Amino acid sequence: TRMVISGSGNVGIGTTGPKALLHIEKDLGDTSAALSTMASHHLVLATGGDTNDTAGIGFYASGDEYIGAAIQFKRIDNAGTGDLTFYVKDDGDESSGDEPTAVMTMNDDGNVGIGTAAPKSILHLSSSANAGILFDLSAVHPAIRADLPVAGASRDLTLAATGSSGYM
């Protein structure tokens, strides 16, 4: 069976008993070595053939006509590479026609940006608000550790909680 529309309105592709509005089921086998092929995925969204063309998924609350969140791929060049950006609306613009705000971008260089659409390093955090980074480390001995290579040797930077305040 290629496609079924159940009595409740669920659509099944590759299944005769769809369990959701859209239920796609097919054993693709081990596709980890062929992720770049179309046949390796259950759902493929395609951009146009030009630079800056996009493909994405939008999310909204039923009854609202505006998108509340989105995931979008933006083609960067003709080789098909691009950026993947996650968007959400804040509390102040939920029911307006304002565009959702980009909150995280993964670019074609492998960099991840939170609060920036153009990450310049492996992890780039940016905020125009009075915000910081919160690490909630509930372990017995909470610490943040970074190995810092220095002239062929490795040096550690460790932040650890002291006293009873729980602050680092």
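The values are calculated or read from the model by the stated rules, or taken from the named source; none is laboratory data. Everything numeric in this text was worked out from a predicted model, so none of it was measured. Cβ placement follows ideal geometry from the backbone for every residue including glycine, while neighbour counts extend to all protein chains displayed.
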- Task: Scan (1) over 17 Å from the mean Cα position of the chain (by Cα); (2) in a strand (DSSP E or B) for the single condition Ile71 breaks and write down its number.
- Result: (1)
- Item | Tabulated pairs, the range 4-16, first more than 23 Å from Leu28 (Cβ to Cβ), second hydrophobic (A, V, I, L, M, F, W, C) and outside any loop (DSSP other than H, G, I, E, B), C-beta under 6 angstrom, 6+ apart or interchain | Ile5/Val11
- If we keep only residues of the range 1-14 that are at pLDDT 90 or above and not in a strand (DSSP E or B), then the residue nearest to Leu43 (Cα to Cα) is Asn10
- Within the range 48-76, of all residues that are of a type in the set (Val, Ile, Thr) and at pLDDT 85 or above, the one farthest from Tyr87 (Cα to Cα) is Thr51
- Task: For Lys26, work out the one condition from (1) in contact with a His (Cβ under 7 Å, 6 or more places away or on another chain); (2) farther than 27 Å from Gly14 by Cβ it doesn't fulfil.
- Result: (2)
